[in-house]
Amino acid sequence: MKIAVIGTGYVGLVTGVVLAELGNDVICVDKDPVKVEKLRKGIPPIYEPGIEEMLRKALNEGFMTISTSIAESVAASEVVFIAVGTPPSEDGTPDLTAVRIVATEIGKAINKPTVVVNKSTVPVGSGTMVEEIIAAQGVPAELFDVVSNPEFLREGSAIHDTLHPDRIVIGAKRRDAAMKLVELYANLESPMIITDLNSAELIKYASNSFLALKISFINAISRICEVSNANVSDVAKGMGTDKRIGPQFLQAGLGWGGSCFPKDVLGMHSTAKRYDYDFALLQEVININDDQTLHFVRRIEKRLGGLEGKRIGIMGLAFKPNTDDIRDAKSLIIVDAILKAGGKINAYDPIATENFRELYPDLDYKKSVYEVPVDADALVVVTEWNEFKQLDLARIAESMKQKVLFDGRRVYKKEAAERAGLEYFTIGSN
Ligand code: UGA
């Protein structure tokens, strides 16, 4: 199938390379000429395991081209994906400017039957908005369809998630348009849910909000565990083995961050408001998440008797492992709080350091993880990178000024840390 994908961020680029891998003729479009130049050389603008190899393969084998022109790409394609960013605006509502601009360009370029697929995460009603924008460019209704096909990939496992999705959601007004996507995704052999535009859009927001809720729920339970001498991992395991609950997204920790949950929970909340529904539950999901990180900082502060002049080692800056993304990362809140309280920071992340350095140029960045605890008053695990899991804790303890470990992701066993001579604190047990 001839396909254009507009936007080469996480969603767009991964969609592009996977569709090329499946043998489609894909044009990836981006307005940024620097990005386009890099992509043409096979250099992805994002860090994602496996993407570079797939991009190079698609380019070399002629299944993918890269363009800056929406008009040319739309003219050459039968299916056009919109995969541009929808960042939150000041009041929490998603900013749909990029979607509107792209829809206008698409409308100007359509000259034959075209299925326009919205993959950007958008509030309910946005598909209809895109339809209206395209129609306003003078495109007759019978020449185009707008379909909602939300994306459920996770950063760090994006290729795998796209090739093996739990489900594919297709929301369309006309059956023919939905069938076009069914044909496109047939080889993935995943369950497909075919529905209307609005329901498809809501499925995305509702799913992300529910996952965030699940994490906030277990984090609230973790607070009770800490004061009642229970262990949150055991509680989560006991809950998660009930098939109606399920074990995933019950990992207690510093809370959820990243480019999606914070934006989408707010987006769901503001969308509800637009429809005159006060989704107070979601506000509480956000409150629990915010407090979870600050509560951890308060515990560090209490143990050290204040942070003024103290050196804290931060292990992990990315919002989660296997990504260099620091958007809404918990490291930002923790580093900010420590600096404001007069503390000093040693920091290390396997790949996100450079992104962090742009925001905090003056931290003491380390080149390897064993340098982080040196002379520190406390060591804090913020991201659960695999390379942190089997460290020599005795070596770490030896190098520290005060042998205090705050494990924000429950990476270590208390007994192992104590055996190594560390005083161990974590979330959800004591
Ligand atoms: C999330 C969703 O999982 C994807 O399905 C969705 O497509 C994506 O948002 C999106 O809307 O684009 P992502 O943000 O990449 O994916 O990362 P997750 O693996 O979901 O983690 C999100 C946050 O939750 C991270 O900060 C992570 O540390 C935290 N988390 C996750 C927990 O604290 N506990 C858990 O049990 C799971």
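The values are calculated or read from the model by the stated rules, or taken from the named source; none is laboratory data. Small disclaimer: the values here were computed from a predicted structure and weren't measured. Here Cβ is always computed from backbone atoms with ideal geometry, including for glycine, and neighbour counts include all displayed protein chains. Areas reflect the complete protein model, heavy atoms only, side chains present, ligands, DNA and RNA absent. Shrake-Rupley method; radii C 1.70, N 1.55, O 1.52, S 1.80 Å.
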(message) What is the percent carbon and sulfur in the accessible area of the chain, measuring with a 1.4 Å probe over the protein chains and ignoring ligands?
(response) 53 percent
(request) Percent of Cα-Cα pairs per 20 Å bin, from 0 to the last occupied bin, for the chain, please list those. (result) 24, 51, 23, 2
(request) Return the loop-located chymotrypsin sites (Phe, Trp or Tyr not before Pro) in region 235-340 (DSSP other than H, G, I, E, B) with at most 13 other Cβ atoms within 10 Å of their own Cβ; answer none if there are none. (result) Tyr275, Tyr277
(message) Over the chain, with a Gaussian network built from C-alpha contacts below 10 Å, which listed residue (Asp362, Asp30, Asp324) shows the highest mean-square fluctuation?
(response) Asp362
(request) Pop the C-beta distance of Ala135 and Glu90 into the FRET formula with R0 = 30 Å and round what comes out to the nearest 0.05. (result) 0.50
(message) Please compute the alpha carbon radius of gyration of region 343-430, then divide it by the globular-protein estimate 2.2 N^0.38 Å. Two decimals is fine.
(response) 1.06
(request) Give the share of C-alpha pairs in each 5 angstrom bin for region 316-382, from 0 to the last occupied bin, in whole percents, shortest bins first. (result) 3, 18, 31, 30, 15, 3, 0
(request) Considering only Lys243, Lys302, Lys310, give the residue with the highest GNM mean-square fluctuation for the chain, with springs between Cα atoms whenever their separation is below 10 Å. (result) Lys243
(request) Once you have the Cα-Cα distance between Glu37 and Lys389, take 0.36 nm times their residue separation minus that, and quote the gain in nm to one decimal. (result) 122.9 nm
(request) Compare Lys31, Lys320, Lys214 in a GNM of the chain, Cα atoms joined below 10 Å, and give the one with the largest fluctuation. (result) Lys31
(message) Can you compute the modelled spin-label distance between Ser190 and Phe249, with each label point 7 Å from Cα toward Cβ, in nm?
(response) 1.5 nm
(request) Counting only C-alpha contacts under 8 Å and six or more residues apart, can you give the relative contact order of the chain as a whole percent? (result) 11 percent
(request) Inverting the mean 1/r over all pairs of different Cα atoms, compute the Kirkwood radius of region 228-426 and quote it in Å. (result) 17.9 Å
(request) Give me the percent of DSSP beta bridges within region 110-202 that run antiparallel, rounded to the nearest 5. (result) 10 percent
(request) Figure the gain on full extension for Lys108 and Ile224 (residue separation times 0.36 nm, minus the Cα-Cα span) and round it to one decimal in nm. (result) 36.0 nm
(message) Just to be sure I understand the model, the point goes 7 Å from the Cα along the line to the Cβ. What's the resulting Thr97 to Lys173 distance in nm?
(response) 2.8 nm
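What's the extension gain from Asp375 to Arg274 if we count 0.36 nm per residue and subtract their Cα-Cα distance?
Here the answer is 31.1 nm.
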(message) Which entries of Lys173/Lys263; Lys57/Lys237; Lys35/Lys344; Lys35/Lys108; Lys214/Lys344; Lys119/Lys340 have Cα-Cα distances beyond 31 Å here?
(response) Lys57/Lys237; Lys35/Lys344; Lys214/Lys344; Lys119/Lys340
